[in-house]
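Novice: Here it is, the structure in full.
The values are calculated or read from the model by the stated rules, or taken from the named source; none is laboratory data. Computed from a predicted model, the values in this text were never measured in an experiment. With ideal geometry, Cβ positions are generated from the backbone for all residues, glycine too; neighbour counts draw on all protein chains shown.
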Amino acid sequence: MSDQIKVETIDSQPTLAVVKKGPISQVSKLMGEALNQVYDYLKNNGYKAIGPPYARYLEVGEEIELEAGMPVESDVKGNDLVRNSELPGGEVVSLMHVGPYDQLDTAHEMIKTWMSEQGRESKADPWEVYITDPEEEKDSAKWETLVRWPIK
């Protein structure tokens, strides 16, 4: 379904994020812990997120290293745990996945196949933007997640 794939030029986005490492089998737990730490930091310091949460995959294998966070205004300051970061601007390949998180691998594989067919390469770590809040929409078949890969 490469007709769902879009190439877009986006602006960089300042974020607050926590980096977690652990077994790939614990990815949901690690991400939940990281996002809760960011939410708590924002709330306790009077800051607000300006968009939905994201997770960026820094290393993937039997162990995973991920950065999970929230987009913020550029003047928001982090600390040693909840640090300032940035989602890169420039050209990205985007694909909107609708369905459960455990099926997101399909979207990533579609993008990798498209990049190979188009002779394009990734230039930075991919990320997912969690458009739908699972606390508000219980039906995982309706969850929307925007998958983005920065490209050369």
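Novice: Every residue in region 19-55 that is of a type in the set (Val, Ile, Thr) and more than 22 Å from TRP143 (Cβ to Cβ), please.
Specialist: Answer for region 19-55, where residues must be of a type in the set (Val, Ile, Thr) and more than 22 Å from TRP143 (Cβ to Cβ): just VAL19.
Novice: Follow-up question, since we're still on this one. Among (1) more than 15 Å from the chain's Cα centre (by Cα); (2) more than 18 Å from ILE131 (Cβ to Cβ); (3) modelled with pLDDT of 95 or more, which single condition is TYR39 missing?
Specialist: Every listed condition holds for TYR39 apart from (2).
Novice: Can you tell me which residue is farthest from LYS6 (Cα to Cα) among those in region 118-152 that are in a helix (DSSP H, G or I) and in contact (Cβ under 8 Å) with a residue 24 or more places away in the chain?
Specialist: Only one residue fits best here, namely SER140.
Novice: Starting from region 13-28, keep only residues that are at positive phi, then list their pairs with residues that are surrounded by 16 or more Cβ atoms within 10 Å (Cβ to Cβ) and outside any helix (DSSP H, G or I) whose Cβ atoms are within a distance under 6 Å, requiring at least 6 positions of separation or different chains.
Specialist: Short answer, once both residue conditions are applied: none.
Novice: Quick one: would you say ILE111 is more than 13 Å from GLU128 (Cβ to Cβ) and not in a strand (DSSP E or B)?
Specialist: It is false that ILE111 is more than 13 Å from GLU128 (Cβ to Cβ) and not in a strand (DSSP E or B).
Novice: Note down all Cβ pairs under 7 Å where the first residue falls in region 73-89 and is within 26 Å of LYS123 (Cα to Cα), the second is surrounded by fewer than 18 Cβ atoms within 10 Å (Cβ to Cβ) and acidic (Asp, Glu), and they're at least six residues apart or on different chains.
Specialist: As it stands, the answer is GLY89/ASP11, since those pairs meet every condition given.
Novice: If you check THR145 against the conditions, is it in contact with a His (Cβ under 7 Å, 6 or more places away or on another chain), within 25 Å of ILE24 (Cβ to Cβ) and hydroxyl-bearing (Ser, Thr, Tyr)?
Specialist: In short, yes.
Novice: Does any residue in region 100-117 that is surrounded by 10 or more Cβ atoms within 10 Å (Cβ to Cβ) come within less than 9 Å, Cβ to Cβ, of a residue that is basic (Lys, Arg) six or more places away or on a different chain, and which pairs are these?
Specialist: Qualifying pairs under 9 Å: ILE111/ARG148; TRP114/ARG120.
Novice: Name the single residue that is farthest from the chain's Cα centre (by Cα) among those in region 42-66 being outside any loop (DSSP other than H, G, I, E, B), modelled with pLDDT of 95 or more and closer than 21 Å to GLU144 by Cβ.
Specialist: LEU66
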